[in-house]
Structure formats: structure tokens, C-alpha cells
Amino acid sequence: MSEARRVLADVFGHVDFRSQQSEVVSAVVGGSDVLVLLPTGSGKSLCYQVPALVANRRGAGTTVVVSPLIALMHDQVTALKGRGVAAAALHSNQVATEQRETVRSFSRGELALLYVSPERAAKESFRRMLALVRIALVAIDEAHCVSQWGHDFRPDYLRLQELREVVDAPMVALTATATPIVMQEIERFLMLREPKVIRGDFNRPNLRFGVEHLRTQSSRLAALEAELDLAGLRDRQGDGRAIVYCSTRKTTETVAKALRSNGFPVGHYHAGRTRLARERAQISFEAGRTRILVATNAFGMGIDLPDVRVIVHFQSPGSVEAYYQEAGRAGRDGDPARCTLFFGPGDLATQRRLAAASSGSAALAKRRDAAIAAVAAYANGLECRQRAISAHFTGDTDHPACGRCDCCADSGAVAARREASKPAAVVIEALAAEHQQTIVDAVDRLTRPVGRSNLAKALRGSKAKSLSRGGLLTMPEYGMLAQYDEPSIGAAIDELLAEGRLKRTGRKYPTLWIPGKPVRSTRGGEIDDARRPPRRRRASSRGGAVARALDNYRKRTARKLKWKSYMVFQRRVIVEIERQQPASHAALARIPGLGPAKIERFGDDILDLVRQHSSDG
């Protein structure tokens, strides 16, 4: 470790490591595979950068770093070069001459670190190149992306185990947001060899976590303005910044517009904007010209601004992991910062809709339901927020109370605010066991799956027109739960889903059904919904976000090459790309009208655009 500490001091200017950093660096320098779970802002990059430089000084070769974002790679390489480190990156935004020069430097053993995307690392051509170069270490950053249960799943991460076939070097996998189950999957999917598992302390002593139970958008906007004013962020000049996270692009734009009209210096960022607009929003925020940024989860990974004083989640995210990763971008300088989550029943409905729009197995849908339920449990809890977060990631419930969060300050006031946020005479009650069974019996009696809202209405005895089909008005359980309000029945349905006594069916319009029970088709046959093939999406004449991004890309490329737009690729190619959502060059090869030459020339850019624009985030 003496050599590692010299590198830390000489190159990075730090006197010593933090406690967990020292443990990780010692294990990596010692040649072990290591699995690292350290909270956001704890300095994970040094855990592989320092061992990389130690190994390079010993003549052991180059460290290959797999990183999921081009912007993140660019920032780290630029910072390392500024410290005199021989570092480079290979990615699709580079011109051909820059890529060739990087490959030559790597092949000659002149680089201490080479950053690549998981998509490039999965290429056979890249693995062939690795076999010819001495590799000291392989570092997998944001390793939770390997898990389908994680919130940032990237399919090409599953192929990183293939690096083991050509590289006989230690591997370190690092993440800030992985539950115990995801940690097990990282170890298995990356084929880590008896790894040393190092978990950090998730306590952030300078952060104050809090939850506000707010049902309406107007009440949230008022609370948001109060948070920003408390931090002194209305003025264009001053210290500190704020990030406001929203679940959808539409809400992002609405919130940004409302703040701007009330005099706040604000920008907005989401994947539906053009690349130039996103870059301008990010640069303006980082330069301090706009001190507030309203964004979806498309913004943030790799962002390391020291003075973010406020993080507000205007809508609840889909998992505690996503929430903590985003909230953890506050207070990187160690000064006090506030992380506030706005929460209401509508947030859960939004997340269910977003989850339903995503593809995946029945098991994955069940895990998404559990993740949403975990967010609700966090928001509704009356015990220390920091303790709840630590328990979620480590399984350790003995973490001391932080003394700073809203619950530690006054759990009674938190409970009172929660009750005040509910409409008059509406209190979510827990349904007795026999009444939960009534819900299950009602679904089992029906001849086809039923929507959550319609089921709750029928059990309360509603005469809504939407209940006229499917036997809801004639089932024996109709009106049997009239003593409960609709939110209480809805909460019981969510519990039954989490327990597996009910399941979700359908994609665009999720419905409820009994696990294992076949769904009868209208022709008298039976269809197991879990095996039902996904419906093929029909592209509209204009197309969705992917189609618009590809159309803009081919226009820009045609101008640069002085071609006609159709020479880049034709409109029917765009339609097929949006329909098939390819995630690899092999998948692109199945797109009619693209061809090997176009894939070689434009493939990486196309895949980047599909990844950026294929979801509402």
C-alpha cells in the first residue's frame, strides 16, 4: 500500500485513502477479484485508478475500464490527462483518426488506462485486440447494469464475462446502488473468482433526507419553490445548485416552465430533447448560468458537481436504488444539503405505467412491483430515513439513527403532514385477511383479467359504466367491501401483488389475474398470459422519439457528407429500427436495407440513439 499511497499523493493530491477505499485498493493491488458497493460520492473511481497506475509503473500493463456513458468516459479521461496520466477512451463519438491513434497507443502498451463502453467491450474485434496486449486489470464501473432487476440494465453488460476468455487479470466490479440480490447477480454474471466483497457505510452525515406527502401538482410546485427559496436559489448569482427529478418528460417541461415563469434561473433536460439542447442545458447548469435543472433520470450518471445543495424528487422514482443514486448527487463537497421526496398515490400509478411499457418476463414484472412497493414503504415509514436506506442496501437494520431526517426530527409532525395530505374522510385502512381473500376470490371468479381501478370500484358497489362488462356487476363479491374506500382496496391489491397471490397481465394496459390460471380467449381456447407474445408496435407516420432522433441524425450526417438523406439510410430503415429496438450490431444486421457497410459506418451512432430515446427517461 505504500506505493499506492505515493500514487494517491503524487497524482491525485490526497494525503490518504478513505477507509473503504483503502480496503478496496489493497485487495485489488493484491491481485484479488473484488466486488465493491460504495455509496454515491465515496470516490469509487480512485479504487481502480490508483491500482491501475501502480500496475502500470510496475510494467504490468494497461487497465481496461468498462463505463456505460460516453460523457462519463470523456470526463474521467480528461481529468486523468490533466494529471499527466496516459489515459484514453474508445467510443462512437470519436472521428476515425482519433480511434486509430488510440488503438495504436493501446497496442504499443503506452496507455495506463483505456476506457470503453460495454457495447465495444462485447465486440469480438475488441477481444481479439485484448489478447495481443498485456492487461493488468479489468474494472467494471456501474456494475449493477448487469442485472435485469437493476434500474439501469444494459444487455451488453451480460457479455462482459467473455473478457475472461482472453484476459487473465483481476477484475473489480463497482456500484453504488445494488441490493444483496443484485450483488449476487453481479458476482455470477461477471464470473468473479472468489471475490472479496467490500460494502461501504451508506450514511451521508451532511445530507438531510425528508418526504413530503403531496397529492396535487399545485401543492408540489408550492413546496418546491419553498425548498428552492430556503436554499437561496431564486437569484441568478450565488452559491449552490439544485436538481429537480421528474419521472416523465412532460412533467419535466411543465415544472421547468412554472419555475421559469416565477423568476427562477432554470433549465431542463430529458432524452426527448436534441443532443445539442441537452448539451446546452448541461453546460449552462455546470457553468452556473442556470442554478436549477429539472430533469428525468436521463441526467446524472457520472455527474460530480460539488455544490448541489438541494435534490427534490418532484415525482417518486421506481426504486429505492434509483432514488438513492440520484439523491446522492447532493452535498459532494461535504457541506449540508437537503434531499426531499414528494410522494403520493399518483406516483405509484405513474411508475406502474412506465414499468408496464417496458418489456420483460413475468418474474421481472414481479420484481418491478416489489421495487415500487419498497419506495412506498420508504415514503410511508416513520423511522430514520438513513437507517431505512442502509437496511435496503446492506440488510443491516442496526444502523444508528441519523438525527437529521424529518422522521428523526419529529416523526409526529411527519405523520400529521401525511394525514393532512389526504382528502377529507379518506384514510387508507388495512384490510382484514378475510377481506383480502374476498379480492382474490372475486378475480378468480371472473372470466378475464380486470383493471385495478374497476375491481376496486366493483367491490365497493359502484355503478360506473366501465363495470358493465366482464361480470363485475353480477359477481357475488360485488359491493362486499363497501365499508372501505377505494385507496384502501387499492393498497390491499398492491399487497396481494407483492405477495404473489395476484399477478399483472398485459403490457400497455396492465390488468389483474390469478397466477397460473389460463386466460380464455374469445374463440374458446386457452392462452397462458405469461407466454403471450408481445404485440408488435405499429410505427406511426411520424414515429416516436427513436424515429425522430434517427431522422435528425441522418439529416445532420447527410449535410456533413454532402449526401442526400436517403443515402444515409431510408425512411423504412428508421421505421424498422424503432419497431425492433436493436441493441447490438448483430441485431442491426437484421434490419432490411441497412447492410454491412452502413452498420460499420453508422452502427455505433444508431445504437446510441436507440438507447437514449427508447424509454421515457
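The values are calculated or read from the model by the stated rules, or taken from the named source; none is laboratory data. All values reported here derive from a predicted model rather than from experimental measurement. All Cβ positions, glycine included, derive from the backbone under ideal geometry; neighbour counts span all protein chains shown.
Is at least one residue of region 406-413 charged (D, E, K, R) and either touching a Lys or Arg at 6+ places or on another chain (Cβ under 7 Å) or touching a residue at least 60 places away in the same chain (Cβ under 8 Å) (or both)?
Yes, region 406-413 has at least one match.
Restricting attention to region 459-475, and to residues there that are at pLDDT 85 or above and not hydrophobic (A, V, I, L, M, F, W, C), which single residue is nearest to Leu431 (Cα to Cα)?
For region 459-475, the residue satisfying everything is Arg460.
Return the pairs, sorted by first residue and then second, in which the second residue is in a loop (DSSP other than H, G, I, E, B) and polar (S, T, N, Q), the first residue lies in region 1-29 and is in the same structural domain as Ala55 (by TED's automatic domain parsing), the beta carbons are less than 9 Å apart, and the residues are 6+ apart or on different chains.
Arg18/Ser42; Gln20/Ser42; Gln21/Ser42
Would region 97-108 turn up any residue that is assigned by TED's automatic domain parsing to the domain that holds Glu23 and in contact (Cβ under 8 Å) with a residue 40 or more places away in the chain?
yes
Can you tell me which residue in region 551-566 is modelled with the lowest pLDDT, limited to those that are surrounded by fewer than 13 Cβ atoms within 10 Å (Cβ to Cβ) and assigned to a helix (DSSP H, G or I)?
Only one residue tops the list, namely Tyr566.
Considering only region 63-103, state which residues are among the β-branched types (Val, Ile, Thr), farther than 19 Å from Leu137 by Cα and not in a helix (DSSP H, G or I).
Val95
Would you point out the residue of region 197-246, among those that are in contact with a Phe, Trp or Tyr (Cβ under 8 Å, 6 or more places away or on another chain) and in a helix (DSSP H, G or I), that is surrounded by the most Cβ atoms within 10 Å (Cβ to Cβ)?
For region 197-246, the residue satisfying everything is Leu224.
When residues of region 246-286 are filtered for being over 18 Å from Asp304 (Cα atoms), modelled with pLDDT of 90 or more and either hydrophobic (A, V, I, L, M, F, W, C) or not assigned by TED's automatic domain parsing to the domain that holds Val308 (or both), how many remain?
9
Just give me the residues in region 340-353 being within 14 Å of Cys246 (Cα to Cα) and either of a type in the set (D, E, K, R) or in contact with a His (Cβ under 8 Å, 6 or more places away or on another chain) (or both), in sequence order.
Thr340, Leu341, Phe342, Phe343, Gly344, Asp347
Give all pairs with beta carbons closer than 9 Å in which a residue from region 549-562 that is in the same structural domain as Leu609 (by TED's automatic domain parsing) meets a residue that is part of a helix (DSSP H, G or I) and of a type in the set (Phe, Trp, Tyr); count only pairs at least 6 apart in sequence or on separate chains.
Tyr553/Phe602; Arg554/Tyr566; Arg554/Phe602; Thr557/Phe602; Ala558/Tyr566
Any chance region 126-144 includes a residue that's closer than 18 Å to Leu35 by Cβ and aromatic (Phe, Trp, Tyr)?
No: zero hits.
Output the qualifying pairs, or none if there are none: Cβ atoms under 6 angstrom, residues six or more apart or on different chains, first residue in region 390-401 and farther than 12 Å from Ala178 by Cβ, second residue polar (S, T, N, Q) and surrounded by 18 or more Cβ atoms within 10 Å (Cβ to Cβ).
Listed pairs, sorted by first residue: His399/Ser390.
Here are some residues: Ser92, Ser45, Ser67. Which one is touching a helix residue (DSSP H, G or I) at 6+ places or on another chain (Cβ under 7 Å) and closer than 30 Å to Ala365 by Cα?
From the options Ser92, Ser45, Ser67, the qualifying one is Ser67.
Identify, by number, the condition in (1) over 23 Å from Val546 (Cβ atoms); (2) over 20 Å from the mean Cα position of the chain (by Cα); (3) not in a loop (DSSP other than H, G, I, E, B) that Ala277 doesn't meet.
For Ala277, the exception is condition (1).
Does Ala258 count as of a type outside the set (D, E, K, R) and in contact (Cβ under 8 Å) with a residue 24 or more places away in the chain?
yes
Out of (1) closer than 15 Å to Ala231 by Cβ; (2) without any contact (Cβ under 8 Å) to a residue 60 or more places away in the chain, what's the single condition that is false for Glu286?
The number of the failed condition is (1).
Please go through region 115-164 and give me each residue that is more than 21 Å from Gln49 (Cα to Cα) and among the β-branched types (Val, Ile, Thr), ordered by number.
If the condition is that a residue be more than 21 Å from Gln49 (Cα to Cα) and among the β-branched types (Val, Ile, Thr), then Val146 is the only one that fits.
Confirm whether Ala373 is at pLDDT below 90 and either within 24 Å of Gly318 (Cα to Cα) or assigned by TED's automatic domain parsing to the domain that holds Thr505 (or both).
yes
Which one of these is surrounded by 16 or more Cβ atoms within 10 Å (Cβ to Cβ), free of Cβ contacts under 8 Å to residues at least 12 places away in the same chain and not acidic (Asp, Glu): Ser462, Ser488?
Just a single option satisfies the conditions, and that option is Ser462.
Filter region 580-598 for residues that are at pLDDT below 85 and assigned to a helix (DSSP H, G or I); which is surrounded by the fewest Cβ atoms within 10 Å (Cβ to Cβ)?
If we take residues in region 580-598 being at pLDDT below 85 and assigned to a helix (DSSP H, G or I), then Ala597 is surrounded by the fewest Cβ atoms within 10 Å (Cβ to Cβ).
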